[in-house]
Structures are given as C-alpha cells and as structure tokens.
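Asks: Below you'll find the structure I mean.
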Amino acid sequence: MDFREFYGRDPEGVWHAPGRVNLIGEHTDYNDGFVLPFALAQGVSATAARRDDGVLEFRSLQSPDAVRVTDPRPGDVTGWAAYAAGVAWALRDAGHEVGGASLLITSDLPQGAGLSSSAALECAVALALCDLYGIEVPRPELARIAQRAENDFVGVPCGIMDQSASLLCTEGHALLLDCRSGLSTQVPLDLTGLSLLVIDTRAEHELVDGGYAARRAACEKAAELLGVAALRDVEDLAAALTKLDDPVLRRRTQHVVTDDHRVQAAVGLLRAGAVAEVGALLIASHLSLRDQFEISWPEADVAVEEAVRAGARGARMVGGGFGGSVIALVPVDREEQVREAVTKAYADRAWEEPRFIDASPSAGARRVS
Ligand code: GLA
C-alpha cells in the first residue's frame, strides 16, 4: 500500500529521519552532560500532504490503526501515533501555524531495539509539517520541540540526545553534543579496518516503563543534595561521594560523572585517529551501566562478554536500558567470529536469536523527495 491508495491523492513530499546509536555517554543528557551519538542509515519516513479540512491523519504501514485529530491535546492520543500527534501539538504550542495534513509513516528500524524509533518518528513528522507549512525552525530548536512532544504529550521524561542525533548528525561523523549549552561538534568517525556492529538482543525496551524515570529522579535528587544544578557540575567525584549517604545515589552519581569523562576521552581518541582504543572505554561504560547505574539486562551482558571474547575491541549496551541493543567495535576480520559467538551463546541459553545490523555513521534527517 502506498500514500495514493490510503488517501486517494498524490503526496507532496517524503521526509526521512534516522535512528541512532550512541557511541558513549549514556544517561548523561538529562544531567546536562555530554553524548556522542551517530545516525544509522535506517529510520522512519513520513510521506505527507497538506489538507484543507484542518484534520491531521496519521497512518502507518507497520500498524493497522489510523488516527484522525484536529486539535490534539496531551492525553488525547495513545500508542505510536501519540509521538506524531505530539509533534503537531508542540509545534503549535511554540507558536507555529501547522494546519491539517495526511501522513503515511513507514519504518525500517526495529521497534523496541533501543535505536530511537520514537525520536525518528517525531523528527520525520516535525520536518514534514515544517516543510509543508513553510515553517523555518533551526534544527537544535526543532529537536527541543520534538523532545517536548515526548515529554509533555506522550509522557516520557527523555533527554535531548535522540532527537538531536536524528536531526543534527552527518554522514561519517559522530555528534559531540553538550546537552547544557546545546552546542554540537561533528567528530569524524573513521572506521578503517573496524566495523560498528549493532546487536539487537531481542529483549524489548520501553522508555514508558518506570525504570528510566526512576533513574532520572535519582540523578536529580543527588544533584540537589550536592548543591549543584546538575550532575554535570560535579568536579570532585571522590568528595561528592562522601557527601551522599544513600549508596544508590552514590552509584548513580559515579556512573554519570565517569561516563561524561569517557565521552571526552573518546573524542580525544577519535581525533587522534585511535578509533580501536575507544573499545576499552566502551567496556568501562558497560560495566558502569551494569554495576553502578543498574540498567543492563542479561542478554546485553552476555552479548558484550561474548563479543569481546571473540575479538571485539569493546562493546556496551546502548540507550535507555532494560532491553534493546548492544554496540560492538569489531575488527572487520573478526566480525564473523563475533556474530557466531553471540548467536551460539544465545542458542545455548534458549534465548531468541539476536539480530545484527552493520551500523555506518549516516546522514541526519532530510527531505528525500
Ligand atoms: C533514551 C533517552 C535519551 C537518553 C538515553 C540514555 O534513549 O531518550 O534521552 O537519556 O535513553 O542515554
């Protein structure tokens, strides 16, 4: 089925927004810290046309239900279409005049794999609506509008990383984003001889579950107790840890502060052309996410262990946690062994077979026709 069959007319254009993998810096974004994501080739496309009855109609090739709304308000729409309707709401709330539109959404990103299918959906819809209605919004600002859709319309307290990655990444680069200032830098990600292998662990991840919000609340509590605006401001980690009585808050703080440092170290290595050395930082980040932040899951731990044992330079879980994907930095001549080792380890445990995606740093969101 295509747009014409659904809507009985021609579309005005097609917009694509990619999913992302975060190389390093996890759960640092809402702590005003640093992240280093890159865009995937896979993503979400929105084929769209204006309509003059004021109705916003959202359909998806991946889901049978169509949603029609005129003036969506938080709470009016649930399920996948809330991410799309939320963008129209957030754009209007920011003062932009978005009229009616028919949209058809398609995606080649596995959902629940922790590769930001929600942000890709938001960003594809945001670009489509802006272009259709001649609205010009700088991309960092558009990322904030898409984030607002997720925070205040869908009700997920996510940070700014995923929407920024989808809108600001460029081919062949990772995006160093300072989540406090909003300033970003493109860092060349030259993979010669190495590949970035995404391992979808098939344990589904959902940000709407409570674990993500609980981590965010703990970080905010720790910052408050430490008298800083955000954990990004902790300069002396050892001193900070002695000030926190709660061992859980100590562990959360330790992760956030050290992962911020690992982002800076990774950028230094990438700039020095020492990509393979980033592997050790990936492993350190994974252990920190597993033991200090406590958001890893068994399939991720096994994938990381087996990938490294089979020759990966490093690997770690990516995204919000509790399910989703692992990224491994693998010498090209070891890729086959890594795939086999992880697949075998999963089979031995009677787990669902992992899915592998070759990730090459790709372009950010754009109009494709
Ligand atoms: C999810 C959120 C992001 C970020 C990551 C963890 O992907 O959407 O804002 O917090 O988790 O780094």
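Asks: Note the full-extension length gain between D190 and A272 as 0.36 nm times their separation in residues minus their Cα-Cα distance, in nm to one decimal.
Replies: Working it through step by step, the gained length comes to 28.5 nm.
Asks: Excluding D2 itself, calculate the net charge of residues whose Cβ lies under 13 Å from the Cβ of D2, where each Lys or Arg counts +1 and each Asp or Glu counts -1.
Replies: Local net charge: +1.
Asks: Can you send over the solvent-accessible area of F153, 1.4 Å probe, protein chains only, in Å² to the nearest 10?
Replies: Per-residue accessible area (F153): approximately 10 Å².
Asks: So what's the range 33-92 giving for Rg/Rh, alpha carbon basis, Kirkwood Rh from the mean inverse pair distance?
Replies: Radius of gyration over Kirkwood radius for the range 33-92 works out to 1.04.
Asks: Enumerate the amide H contacts of R20 below 5 Å, restricted to partners 5 or more residues apart or on another chain; note that Pro and chain-start residues carry no placed amide H.
Replies: So R20 has HN proximity to L40, S116.
Asks: Name the residues whose placed amide hydrogens come within less than 5 Å of the amide hydrogen of R313, ignoring near sequence neighbours (fewer than 5 apart) on the same chain.
Replies: HN-HN under 5 Å from R313: L329, V330.
Asks: Quick one: what are the phi-derived ³J(HN,Hα) couplings along the range 315-331, Karplus 6.51/-1.76/1.60 with θ = phi - 60°, whole Hz, x for glycine and proline?
Replies: Once θ is set to phi - 60°, the couplings for the range 315-331 become 6, 7, 5, 10, x, x, x, 6, x, x, 10, 10, 10, 10, 9, 10, x Hz.
Asks: Something else: Tell me the relative contact order for the chain as a rounded percent, counting alpha carbon contacts under 8 Å between residues six or more apart.
Replies: After rounding, I find 24 percent.
Asks: Just to check I understand the Karplus step: with θ = phi - 60° and J = 6.51 cos²θ - 1.76 cosθ + 1.60, what whole-Hz values come out for the range 53-64, glycine and proline as x?
Replies: Ordered by residue, 3J(HN,Hα) equals 8, x, 7, 9, 10, 10, 10, 9, 5, 8, 8, x Hz.
Asks: If R₀ is 25 angstrom, what is the calculated FRET efficiency for the pair R180 and A238, using the beta carbon separation as r and rounding to 0.05?
Replies: Working: r = 23 Å, r/R0 = 0.92.
Efficiency, rounded to the nearest 0.05: 0.60.
Asks: Mind listing the phi-derived Karplus ³J(HN,Hα) values for the range 29-35, rounded to whole Hz, using 6.51, -1.76 and 1.60 with θ = phi - 60°, and x for any glycine or proline?
Replies: Computed from phi, the couplings for the range 29-35 are 5, 7, 9, 6, x, 10, 9 Hz.
Asks: So if I take the centroid of the Cα atoms in the range 69-115 and the same for the range 310-369, what is the distance between those two points in Å?
Replies: Using only Cα atoms to place each centre, the spacing works out to 29 Å.
Asks: Starting from the amide H of V35, placed 1.01 Å from N in the peptide plane, find each other amide H under 5 Å away whose residue is 5 or more places distant or on another chain.
Replies: Counting only residues 5 or more places away or on other chains, the set is L177, C179.
Asks: Please work out whether the range 203-341 counts as rounded, prolate or oblate from its C-alpha gyration tensor, where a ≥ b ≥ c are the square roots of the eigenvalues and a/c under 1.5 means rounded, while otherwise a/b larger than b/c means prolate and anything else oblate?
Replies: Oblate shape, in that a/c is at least 1.5 and b/c is the bigger or equal ratio.
Asks: Using the Cβ atoms and a cut-off under 14 Å, what net charge is assigned to the surroundings of V69, where Lys and Arg are +1 and Asp and Glu are -1? Could the numbers behind the result be given before it?
Replies: Values: positive: R51, R59, R68, R73, R92; negative: D53, E57, D65, D71, D76.
Result for the neighbourhood of V69: 0.
Asks: Counting only the backbone N, which residues of the range 34-52 are under 18 Å from the spot 7 Å out from the Cα of R92 toward its beta-carbon?
Replies: Taking a point 7 Å out along Cα→Cβ of R92, the residues of the range 34-52 whose backbone N falls under 18 Å are 49-52.
The values are calculated or read from the model by the stated rules, or taken from the named source; none is laboratory data. Source: prediction; values computed, not measured. Every residue, glycine among them, receives a Cβ derived from its backbone with ideal geometry; neighbour counts consider all protein chains shown. Ligands, DNA and RNA are excluded from the accessible area calculation, which covers all protein heavy atoms including side chains. Shrake-Rupley method; radii C 1.70, N 1.55, O 1.52, S 1.80 Å.
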